[in-house]
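Worksheet: the structure to be examined is printed underneath.
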Amino acid sequence: MSLASFLLTVLSQLCMVAGQIFLKKTMSWPEHGSKPWRAAVFATGVAIMALGFFIWVGLMAQFDLSYLFPFEGLHYLFVVIAASIFLKERASWSLWIGLFLICSGVALVSGS
């Protein structure tokens with residue numbers, strides 16, 4: 001996998017994570033909040049996730065799915081980090097240990 005392909009894979013995952021953060025933000029929006037802003041945040045989340053989807057489909061045309069799919073494991077790590085930063089969620093030690101195990105598995109599979 002070339003550097004450009006790797007970066008596109010990571011970008012695809014980051015788009016999916018950003019979309020999740022935007023959608024979560026929309027779902028936890030106060031009822032008395034601005035409806036146009038809520039709709040804009042929701043639409044942004046959907047658009048970002050669509051972008052990530054189309055990048056992923058383009059990558060699937062270039063690589064075997066069995067090689068590409070383990071990179072989905074990075075999604076979990078990125079979601080926890082983004083939720084901690086942008087949504088102020090707290091991650092437990094057991095969650096971090098589980099993420100370490102998932103990322104280790106991704107490294108083993110992608111290295112083969």
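Structural remarks
- Net charge dipole, the chain: roughly 420 debye, given to the nearest 20, about the Cα centre with Cβ charges of +1 for Lys and Arg and -1 for Asp and Glu.
- Using alpha-carbon coordinates, inclination of helix 35-62 to the longest axis of the chain, degrees: 10 degrees
- Against the empirical curve 2.2 N^0.38 Å, the C-alpha radius of gyration of the chain lands at a ratio of 1.20.
- Angle between the chain longest axis and helix 73-86 axis [Cα atoms, degrees, rounded to 10]: 30 degrees
- Dipole of the chain, positive end: most advanced residue of Leu14, Cys103, Gly73 [Cβ charges, Cα centre]: Leu14
- The 3J(HN,Hα) values that the Karplus relation (6.51, -1.76, 1.60; θ = phi - 60°) gives for the stretch 11-25 are, in residue order, 4, 4, 5, 5, 5, 5, 5, 4, x, 4, 5, 4, 5, 4, 4 Hz. Gly and Pro appear as x.
- Among Gly52, Gly19, Gly73: highest mean-square fluctuation, GNM of the chain, C-alpha pairs under 10 Å: Gly73
- Summed over qualifying helices (DSSP H, 4 residues or more, each -39500 (n - 2.57)) and divided by its residue number, the chain shows a 222 nm mean residue ellipticity of -27000 deg cm²/dmol.
Read the figures in this text as sums done on the coordinates, not as results from a lab. Since the model is a prediction, treat every value here as computed from it, not as a measurement. Every residue, glycine among them, receives a Cβ derived from its backbone with ideal geometry; neighbour counts consider all protein chains shown.
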